[in-house]
Amino acid sequence: MMGSHLDQLAKQHGISLMRPSPDNVEVPISDETKRQVLAALGVDERSAVTQQKQPPPKAIPQSYLSETLEQGGVWGISLQLYELRSKRNWGIGDFEDLIGMTRLCSSLGADFVGLNPLHAPFLADPDRCSPYEPSNRQMLNPLYIAVDKVPGFKASPELERRLRSLRETDLVDYVGVAEAKLTTLREIWRSQQASGSDTADSEDFQNFVQAGGDVLRLHALFETLSAFMIKRGNGAGWKGWLVEYRTPDSPEVAEFAEAHADDIRFHMWLQWLAHLQLGKAAEAALDARLKIGLYLDLAVGEAMDGSATWSERDAYISDVTVGSPPDPFATAGQDWHLAAFHPDQIASGKQSPYRRMVTAAMRYAGAIRIDHAAALRRLFLVPLESAPDGGAYVNYPQHKLLQILADASAEYRCVVIGEDLGMLPEGLQDDLAEAQILSYRILSYERGEDGFKPADAYPRLSLACISTHDHQTLAGWWRGADIKARAEHGIVPPHVSATHLDQRKHEREELKLVLDEAGVETPHRLPSAANDQKLRELVVSAHRFISKTLSVMVAVRLADMTGEKQPTNIPGTSDSYPNWKPKLSLPVEELANLLLVQEIADVMQQERPWSNAGLQLSERS
């Protein structure tokens, strides 16, 4: 009887009683998991089960769809901002480099620049560099500030030598970059105050601070406390701090804030600079006549011990992390170490946490991508100290979240893309299509029982691409580098890797077949160990195919255009691979002269200008 009550209580609070196994078979979650997740949601196990009437279904709210997409297919270049090399940056791509990329895209006929999440990291611990595990999604990353473009900047010979060293590394030296940038920005800040030209007194900055309110102030306070704690041997995240500093409303925190008012204002100034420079890049994209402009990515959550969870504790579930259940490519499941919004709080209030988070990106963007769009309906939550197979799916208020996206996208005239990959709840893709949220289609995933799907099988209301930050380039995929990497890093057992390598032989043949059927010429005799020249021809052919799809948007990954050998990220690894650090092999200034860049751009120009005239919404799924 107790089990029955527990099941009913779990179902009442949106907890699924089943989860997938590595063999894609549904298995029941344990009673212990139910108890742990209920407790994390703040539900007493002894609570009475109440009968709740199901409200009648409501019409699905529709997000903004630009006239540009109504008129015909567009394409753009996606990249990781930090990976950009240039002759002037400080060892990490920055907002000035982004302006350079908007001009390059314009010259190539592209319509948008797609970027990794630009959310605020842990400045006091720069090596916590994953853009998908940020400290706060409402704030920007100050490491992307182009310091040489900040009024009052003066270079010294010693600094120039240091910057040359930072530029020459093949991996972003986040610690070195942070030290150089924050030290120099602090000097500018102090110099302006001493000279009486303090930007902290400017009307624009004052308005920015006022508009930011408590969210901005608490983030700046967090950053100041985080740096203070690091110097004393504690962690950058609040869970490693002294107990009296773990909540922002304690007397000790109030006393600290009063004593460090200048430091707090400095961190608000950094956010203002980042805001100004990203805004300038967005304007540059419009000036360059990019039809979409900037396309920004939203991480699915924030770090458990970051600024967001510290300053808005009640908005998050504290005793679980976001992850994914076991599947064939991660047989033990995954723990993403991300905090989840509480289902009861995520959409509450006029300025709900979700609304504030999405508009923080939409204000600069012509399109946003929602990472892990399944979170619009459910998240897989793993109790702390449990393995991922001890987690459970928990439902979220889908209609309310879609309404927020519809309202915000209309206000900012911003297209919404949903990363609808992996294990999706039944009917979600149909709901997203009805909501005018673009589906996210990756070439290697678009396969059915008969092999790769033809170009005309891609839904019109979608973004198509060949690879992403979580994948090898197409050349790497052809060579099986992704399978070998998963084996080398122990993500999947050897026998599974052997099966995947055998499958890849068939996948290569199927890819050539679908290209041939689409009338795309492919190189003959292309073995798995083909040389770069042969693979370059294949890469061009694959992009011609993807440009022929019905998808209204196509994203070309810059790493595919430059033939990068090092992957951006190997999912499932942490210390064994330098995720989020590899730079491009060429600087921004040389990209326009690269033959592969020109060839892919020519393919896109030839194939993309087609018309959507007369297309009905019902035809877009």
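A short reminder: the numbers here are calculations on the coordinates, not readings from a lab. This is a predicted model, so every value here is computed, not measured. Quick reminder, even Gly has a Cβ in these numbers, built from the backbone with ideal geometry, and neighbours come from all protein chains shown.
Counting other C-beta atoms within 10 Å, and keeping those with at most 15, which DSSP coil trypsin sites (Lys or Arg not before Pro) do you find in segment 488-589?
Values: sites: 504, 505, 508, 512, 525, 534, 536, 544, 548, 557, 565, 583; in loops: 525, 565, 583.
The qualifying sites are 525, 565.
Any lysines with Cα under 28 Å of the residue 181 Cα? List them, leaving off those in the same chain fewer than 8 positions away.
Partners found: 87, 149, 154, 231, 239, 280, 581, 583.
Working from the pairwise distances between different alpha carbons, so that the mean of 1/r is found and then inverted, what is segment 22-181's Kirkwood radius in Å? Spell out each step's value before the answer.
Values: mean 1/r = 0.0483 Å⁻¹.
It works out to 20.7 Å.
Need one number: nm distance between label points at residue 528 and residue 195, each 7 Å from Cα along Cα→Cβ, rounded to one decimal.
6.1 nm
Take the Cα radius of gyration of segment 1-101 and divide it by 2.2 N^0.38 Å, with N its residue count; two decimals is plenty. It would help to have the intermediate numbers written out before the result.
Working: Rg = 24.9 Å, N = 101, 2.2 N^0.38 = 12.7 Å.
Compactness ratio reported: 1.96.
Could you name the lysines in cross-link range of residue 512, using Cα to Cα under 29 Å and dropping any fewer than eight places away on the same chain?
453, 484, 534, 548, 565
DSSP beta bridges in segment 365-462, what fraction antiparallel, as a percent rounded to 5? Show your work: numbers first, answer last.
Working: 6 of 13 bridges.
Bridges in segment 365-462 are about 45 percent antiparallel.
Write down, largest first, the equivalent ellipsoid semi-axes of segment 397-529 in whole Å, where each equals the square root of 5 times an eigenvalue of the alpha-carbon gyration tensor. Display every interim value, and only then the final one.
Numbers: eigenvalues 215, 75, 34 Å².
Those come to 33, 19, 13 Å.
Mind checking the alpha-carbon convex hull of segment 473-568 and giving the volume per residue in Å³?
Numbers: hull volume 10.8 nm³, N = 96.
Enclosed volume per residue, from the Cα hull, is 112 Å³.
What distance in nm separates the simple spin-label points at residue 171 and residue 242, each placed 7 Å from Cα in the Cβ direction?
In this crude spin-label approximation the distance works out to 3.5 nm.
Please report, for the Cα atoms of segment 333-469, the Rg to one decimal and the Dmax as a whole number; what are they, in angstrom?
Cα only, segment 333-469: 16.0, 48 Å (Rg, Dmax).
Relative contact order for segment 394-482 using alpha-carbon pairs under 8 Å, separation at least 6, rounded to a whole percent?
This gives 21 percent for segment 394-482.
Taking a ≥ b ≥ c as the square roots of the Cα gyration tensor eigenvalues, with a/c under 1.5 meaning rounded and otherwise prolate when a/b beats b/c, else oblate, which class fits segment 243-374?
Numbers: a/c = 2.07, a/b = 1.06, b/c = 1.96.
Cα axes put segment 243-374 in the oblate bin.
Just to check I understand the Karplus step: with θ = phi - 60° and J = 6.51 cos²θ - 1.76 cosθ + 1.60, what whole-Hz values come out for segment 565-580, glycine and proline as x?
Each residue of segment 565-580 in turn: 8, 8, x, 5, 8, 10, x, x, 10, 9, 7, 7, 8, x, 4, 6 Hz.
What spacing in nm lies between the two simple spin-label points modelled at residue 598 and residue 289, each 7 Å away from Cα in the Cβ direction?
About 2.2 nm, to one decimal.
When the chain is fully extended, how far beyond the present Cα-Cα distance does residue 506 get from residue 387, taking 0.36 nm per residue of separation?
On the way: separation 119, 0.36 × 119 = 42.84 nm, distance 3.42 nm.
Stretched fully, the residue 506-residue 387 segment lengthens by 39.4 nm.
With the cut-off at 1.5 for a/c, could you classify segment 266-310 from its C-alpha gyration tensor as rounded, prolate or oblate? Provide the component values of the computation, followed by the final result.
Details: a/c = 7.05, a/b = 1.64, b/c = 4.30.
Cα axes put segment 266-310 in the oblate bin.
From a point 7 Å beyond the Cα of residue 39 in the direction of its Cβ, which residues of segment 369-401 have a backbone N at a distance under 16 Å?
Under 16 Å, as judged by backbone N against the label point of residue 39, lie 382-387, 390-392 of segment 369-401.
Inverting the mean 1/r over all pairs of different Cα atoms, compute the Kirkwood radius of the chain and quote it in Å.
Values: mean 1/r = 0.0391 Å⁻¹.
About 25.6 Å for the chain.
Suppose R0 equals 35 Å; then what is the FRET efficiency for residue 12 and residue 250 from their Cβ-Cβ distance, rounded to the nearest 0.05?
Values: r = 35 Å, r/R0 = 1.00.
With R0 = 35 Å, the Cβ-Cβ based efficiency is 0.50.
Per residue of the chain, what 222 nm ellipticity follows from adding -39500 (n - 2.57) for every DSSP H run with n ≥ 4, rounded to the nearest 500? The partial results should precede the final answer.
Numbers: 20 runs with 252 residues, N = 621.
Per the formula, -13000 deg cm²/dmol.
Round to the nearest 0.05 the FRET efficiency obtained for residue 148 and residue 211 when R0 = 30 Å and r is the Cβ-Cβ distance.
Numbers: r = 27 Å, r/R0 = 0.91.
After rounding to 0.05, the efficiency reads 0.65.
Kindly identify segment 162-274 as rounded, prolate or oblate by the Cα gyration tensor criterion: order the square roots of the eigenvalues as a ≥ b ≥ c, call it rounded if a/c is under 1.5, otherwise compare a/b with b/c, prolate if a/b is larger, else oblate.
Details: a/c = 2.02, a/b = 1.11, b/c = 1.82.
Oblate, because a/c is 1.5 or more while a/b does not exceed b/c.
Pairwise over distinct Cα atoms, reciprocal of the mean inverse distance: report the Kirkwood radius of segment 549-611 in Å, one decimal place.
On the way: mean 1/r = 0.0715 Å⁻¹.
One decimal place: 14.0 Å for the Kirkwood radius.
What lysines does residue 350 reach when the alpha-carbon gap must be under 18 Å and sequence neighbours fewer than 8 apart in one chain are set aside?
Filter leaves 400.
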